[in-house]
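Student: This is the structure, below, for whatever I ask next.
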Amino acid sequence: MATPRRDPLGQPHDAHGRAAEAVDDFVLGFIACDLRVIHVLDEQDDASATVQICLAMLHLFAESPAGALQARLHLSRAQAALAAMSPSHPAHDRLTRWAAATQAWCNGDTAQALALHETQVRRYPRDLLALKLGQYHAFNRGDAPAMLRLALPGLDAAADVPQLHGMAAFAYEQCHFLDAAEVHARQALAMRRDEPWAQHALAHVMLARGELHAGSRFLAEMSDGWSGLNSFMRTHNWWHLALFLIEQDHLDEALSLYDREVWGVDTSCSQDQVNAVSLLARLELAGAEVGERWQNVADHLVTRTADQVLPFLDMQYLYGLARAARPEAETLLQHVARRAQSASSVSGGGSDTVWREVAQPACLGLAAHARGDMREAATQLGIALPRLQEIGGSHAQRELFEQLHLDALLRAGSLAGAQNLLQQRLALQPESVRLRKQARRLYAALALPATLADPRDVTAAEPVRR
């Protein structure tokens, strides 16, 4: 038997010639979030299982039913290649499990896909493709501990790869281990300054710690390396910089970033679309005038009404359509209701029950907020919030729904409930000008001292003398 080709991380596969070079680019581009991954599209006629699985993955990352249909064609070809491969081939075990995980993803069974990727990284701890994919599924299921479990086998076996430390950093951060997250993020950046996932993880750490000025400076310094990234990573790191600017009340700068860097790179990309919705919503909540921007985004959301691939995505598609007053918002809400009704009645979590018990009330609340019914918005979002991590997304991304809930409480006159939430948030973000301004308005309405709105002001704790 000829010596099998191995990818740059040492993992065996069955592609040869130009197709093997495309696989190398796919592996390195995928873990580095850059555009090399698309080179595999030039090898669509290649009969290897590896190439066909890579192609299936690319289609599935469209996060749409149409993408799943295209993926099935490539998975069928991959299965044919595996059937013809000798079980003794060094790549057979790895590729068989990789194909099965991709098939499970295609079928919507992300729990099975995640389990297969966990097995893969235990057996092949340098298979960072499996690690990255497993973390993607764990992230979308709101399972941060699984993200960390996936990263641990590589800490010894792949310690020489900067992207491994970036993946570990984000997993630690999502589990609230901020010190460990910072150590791995900085280790990755010491190895490769322009490692975008490590930059992203460190931005999360700084946001979680309330280091707003340091965070905005850090991302601005790193931004010179983002132009060659895939559209999600490029726009998402700019999105993070915009969040820091919003908290510092630099709304014009954040809106300028939206126009130049966040929206318009790939308007068909699901992740770019939710970046845009989230940023416009946050800008409005902070007091910015966004003009006709909702209409432009909504033009690209109208095709998403029947997706129901991930509740985290649908919730933001819905809000974007509703803020633009598009009738498709009601259509999407009806599809979510049907998806929720078709969910299994068995309790215990998982994607089915999440649609019914978390996503549906959240969508009702988001639609109510968009149309100005703040009491209904506060009620429905309040139902969803305690289990919101189950919809997936990061802490920073899900904070949008917390901000909308707080805004609904304030505008509905539920001031005591709003104070309970707002002051906790302000204590964690003492540098936030946005939150201090919001708190000053709240304390004026509650006939309480304005000094309470600044957690850095020690006089706020003194008794009020009348």
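The values are calculated or read from the model by the stated rules, or taken from the named source; none is laboratory data. The model shown is predicted, which means the values in this text are computed figures rather than measured ones. In this analysis, Cβ positions are derived from the backbone assuming ideal geometry, glycine residues included, and neighbour counts consider all displayed protein chains.
Student: Working carefully through the options E431, E402, find the one that is on the phi < 0 side of the Ramachandran plot and not in a helix (DSSP H, G or I). Break it down into steps so the answer makes sense when it comes.
Tutor: On the way: E402 fails: not in a helix (DSSP H, G or I).
Being on the phi < 0 side of the Ramachandran plot and not in a helix (DSSP H, G or I) holds for just one of E431, E402, which is E431.
Student: Still on this structure, please answer the following. Quick check on the stretch 182-203. Is at least one of its residues surrounded by 24 or more Cβ atoms within 10 Å (Cβ to Cβ) and of a type in the set (V, I, T)?
Tutor: no
Student: Among the residues of the stretch 95-150, how many are polar (S, T, N, Q) and under 19 Å from W355 (Cα atoms)? Spell out the reasoning first.
Tutor: From the stretch 95-150, those polar (S, T, N, Q) are 96, 102-103, 107, 110, 112, 119-120, 135, 140; that's our starting set.
From what's left, under 19 Å from W355 (Cα atoms): 107, 110, 112, 140.
Qualifying residue count for the region: 4.
Student: Applying the selection to the stretch 386-402, what residues are more than 17 Å from the chain's Cα centre (by Cα) and buried (at least 19 other Cβ atoms within 10 Å of the Cβ)?
Tutor: Selection gives nothing.
Student: Please return the ranges of helices (runs of 4 or more DSSP H) entirely within the stretch 224-337 where 1 or more residues are crowded, with 21+ Cβ neighbours inside 10 Å and not aliphatic (A, V, I, L, M).
Tutor: In the stretch 224-337, the matching helices (runs of 4 or more DSSP H) lie at 231-247, 270-286, 293-301, 311-323.
Student: Going through the stretch 394-453 one residue at a time, which ones are of a type in the set (S, T, Y) and modelled with pLDDT under 95? Spell out how you get there, then give the answer.
Tutor: At the first step, the residues of the stretch 394-453 found to be of a type in the set (S, T, Y) are 394, 414, 432, 443, 451.
Matches in the stretch 394-453: T451 only.
Student: Listed residues L164, L150, L178, L155; which is under 29 Å from L313 (Cβ atoms) and surrounded by fewer than 24 Cβ atoms within 10 Å (Cβ to Cβ)? Working first, answer last.
Tutor: On the way: L164 fails: surrounded by fewer than 24 Cβ atoms within 10 Å (Cβ to Cβ); L150 fails: surrounded by fewer than 24 Cβ atoms within 10 Å (Cβ to Cβ); L155 fails: under 29 Å from L313 (Cβ atoms).
Selected residue: L178, the only one of L164, L150, L178, L155 that is under 29 Å from L313 (Cβ atoms) and surrounded by fewer than 24 Cβ atoms within 10 Å (Cβ to Cβ).
Student: Another one. Could you tell me which residue of the stretch 30-49 is nearest to the chain's Cα centre (by Cα), considering only residues that are closer than 30 Å to N237 by Cα and touching a residue at least 40 places away in the same chain (Cβ under 8 Å)? Quick ask: steps written out before the conclusion?
Tutor: To start, the set of residues in the stretch 30-49 that are closer than 30 Å to N237 by Cα comprises 30-42.
Still in the list and also touching a residue at least 40 places away in the same chain (Cβ under 8 Å): 30-35, 37.
On the way: F30: 16, I31: 16, A32: 16, C33: 14, D34: 17, L35: 19, V37: 19 Å.
This residue is C33.
Student: Here's something else I'd like to know. Which one is modelled with the highest pLDDT among residues in the stretch 347-393 that are hydroxyl-bearing (S, T, Y) and assigned to a helix (DSSP H, G or I)? Full working, then the answer.
Tutor: Step one: filter the stretch 347-393 for residues hydroxyl-bearing (S, T, Y), giving 347, 351, 353, 379.
Adding the requirement that they be assigned to a helix (DSSP H, G or I) leaves 351, 353, 379.
Details: S351: 68, T353: 91, T379: 98.
So, considering only residues that are hydroxyl-bearing (S, T, Y) and assigned to a helix (DSSP H, G or I), the one modelled with the highest pLDDT is T379.
Student: Could you please find all residues in the stretch 44-94 being part of a loop (DSSP other than H, G, I, E, B) and in contact with a Leu (Cβ under 7 Å, 6 or more places away or on another chain)? Full working, then the answer.
Tutor: So in the stretch 44-94, the residues part of a loop (DSSP other than H, G, I, E, B) come out as 44-48, 61-64, 85-91.
Residues satisfying the conditions are Q44, E63.
Student: Sort out which residues of the stretch 203-220 are among the acidic types (D, E) and either within 17 Å of the chain's Cα centre (by Cα) or closer than 16 Å to A254 by Cα (or both), and write them in order of number. Please lay out each step first, then the result.
Tutor: To start, the set of residues in the stretch 203-220 that are among the acidic types (D, E) comprises 211.
Residues satisfying the conditions do not exist here.
Student: Quick one: which of A113, A99, A130 is under 20 Å from the mean Cα position of the chain (by Cα), among the hydrophobic types (A, V, I, L, M, F, W, C) and more than 19 Å from D34 (Cα to Cα)? Write out each step before concluding.
Tutor: On the way: A99 fails: under 20 Å from the mean Cα position of the chain (by Cα); A130 fails: more than 19 Å from D34 (Cα to Cα).
Going through A113, A99, A130 in turn, just one is under 20 Å from the mean Cα position of the chain (by Cα), among the hydrophobic types (A, V, I, L, M, F, W, C) and more than 19 Å from D34 (Cα to Cα): A113.
Student: Kindly list, by first and then second residue, each pair from a residue in the stretch 9-28 that is more than 18 Å from A84 (Cβ to Cβ) to a residue that is surrounded by fewer than 21 Cβ atoms within 10 Å (Cβ to Cβ) and acidic (D, E), limited to pairs with Cβ atoms under 7 Å and residues at least 6 apart or on different chains.
Tutor: Pairs that qualify, where the first residue is more than 18 Å from A84 (Cβ to Cβ) and the partner is surrounded by fewer than 21 Cβ atoms within 10 Å (Cβ to Cβ) and acidic (D, E), are A22/D42.
Student: With respect to L448, is the statement that it is part of a helix (DSSP H, G or I) and of a type in the set (A, V, I, L, M) true?
Tutor: On the way: part of a helix (DSSP H, G or I): no; of a type in the set (A, V, I, L, M): yes.
It is false that L448 is part of a helix (DSSP H, G or I) and of a type in the set (A, V, I, L, M).
Student: Restricted to the stretch 367-395, and to residues that are small (G, A, S) and touching a Phe, Trp or Tyr at 6+ places or on another chain (Cβ under 9 Å), which residue is nearest to L410 (Cα to Cα)?
Tutor: From the stretch 367-395, those small (G, A, S) are 367-368, 370, 372, 377-378, 382, 384, 392-394; that's our starting set.
Adding the requirement that they be touching a Phe, Trp or Tyr at 6+ places or on another chain (Cβ under 9 Å) leaves 367, 370, 384, 392-394.
Numbers: A367: 17, A370: 15, A384: 18, G392: 26, G393: 25, S394: 25 Å.
Filtering first and then ranking leaves A370.
Student: Test each condition in (1) within 26 Å of A201 (Cα to Cα); (2) in contact with a strand residue (DSSP E or B) (Cβ under 8 Å, 6 or more places away or on another chain) for D24 and report the one that comes out false.
Tutor: (2)
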